[in-house]
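Participant: Could you have a look at this structure, given as structure tokens, before my questions?
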């Protein structure tokens with residue numbers, strides 16, 4: 001498995017932007033808002049790449065059925081061969097991350113609309129989505145660390161270099 005340059009830039013840009021917006025930028029500040037919109041634009045680009053990009057980047061190459069997903073999740077206890085693209089579990093995690101980021105963009109945008117002035121629920125949903133995204137990212141990092149250091153699978157190397 002070796003991701004193309006777009007996927008690598010997308011992944012690290014999204015991760016950096018999420019960390020910056022959650023931990024370092026003040027909610028409601030203009031930089032926080034613009035970075036959020038930029039992350040939403042990244043999501044749109046990834047969707048286009050997932051439809052029109054190279055075969056290994058297309059959603060049809062890694063979004064598999066529940067049986068495949070379950071087999072992969074139960075197989076995390078032992079080392080196994082990695083596919084040439086995302087795993088089914090990684091693919092569904094990607095879709096969930098993109099959905100959460102899009103939801104954050106929408107609820108963040110709603111803060112500035114007169115139609116929702118004085119309403120608390122957009123901010124509450126925004127915070128809930130942000131916490132869900134951070135939880136999902138933590139699970140993602142934990143799974144990568146497990147595969148890399150416990151199962152001795154070169155997954156981090158594959159995110160930076162060619163197939164090993």
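The values are calculated or read from the model by the stated rules, or taken from the named source; none is laboratory data. The shown structure was predicted, so the numbers you read here are calculated from the model rather than taken from an experiment. Glycine gets a Cβ as well: all are built from the backbone with ideal geometry, and neighbour counts include every protein chain shown.
Participant: Would a scan of segment 110-118 turn up a residue that is out of contact with any helix residue (DSSP H, G or I) (no Cβ under 8 Å at 6 or more places or on another chain), at pLDDT 90 or above and either surrounded by 14 or more Cβ atoms within 10 Å (Cβ to Cβ) or assigned to a helix (DSSP H, G or I) (or both)?
Facilitator: So far as segment 110-118 goes, yes, one or more of its residues are out of contact with any helix residue (DSSP H, G or I) (no Cβ under 8 Å at 6 or more places or on another chain), at pLDDT 90 or above and either surrounded by 14 or more Cβ atoms within 10 Å (Cβ to Cβ) or assigned to a helix (DSSP H, G or I) (or both).
Participant: So, one more: Please pick out the residue among 92, 22 that is farther than 22 Å from residue 158 by Cα and modelled with pLDDT of 90 or more. Working first, answer last.
Facilitator: Values: 92 fails: farther than 22 Å from residue 158 by Cα.
Criteria check complete, one pass: 22.
Participant: Can I ask one more? Could you say which residue among 133, 113, 128 is out of contact with any strand residue (DSSP E or B) (no Cβ under 7 Å at 6 or more places or on another chain) and in contact (Cβ under 8 Å) with a residue 24 or more places away in the chain? Walk me through it before giving the result.
Facilitator: Numbers: 113 fails: in contact (Cβ under 8 Å) with a residue 24 or more places away in the chain; 128 fails: in contact (Cβ under 8 Å) with a residue 24 or more places away in the chain.
Every option except 133 fails the conditions.
Participant: Being closer than 17 Å to residue 129 by Cβ, out of contact with any helix residue (DSSP H, G or I) (no Cβ under 7 Å at 6 or more places or on another chain) and outside any loop (DSSP other than H, G, I, E, B) narrows it down to one of 94, 104, so name that one.
Facilitator: On the way: 104 fails: out of contact with any helix residue (DSSP H, G or I) (no Cβ under 7 Å at 6 or more places or on another chain).
None of the others qualify; the one that does is 94.
Participant: Inside segment 33-79, can you point out the residues that are free of Cβ contacts under 8 Å to residues at least 40 places away in the same chain, part of a loop (DSSP other than H, G, I, E, B) and surrounded by fewer than 16 Cβ atoms within 10 Å (Cβ to Cβ)?
Facilitator: 58, 65
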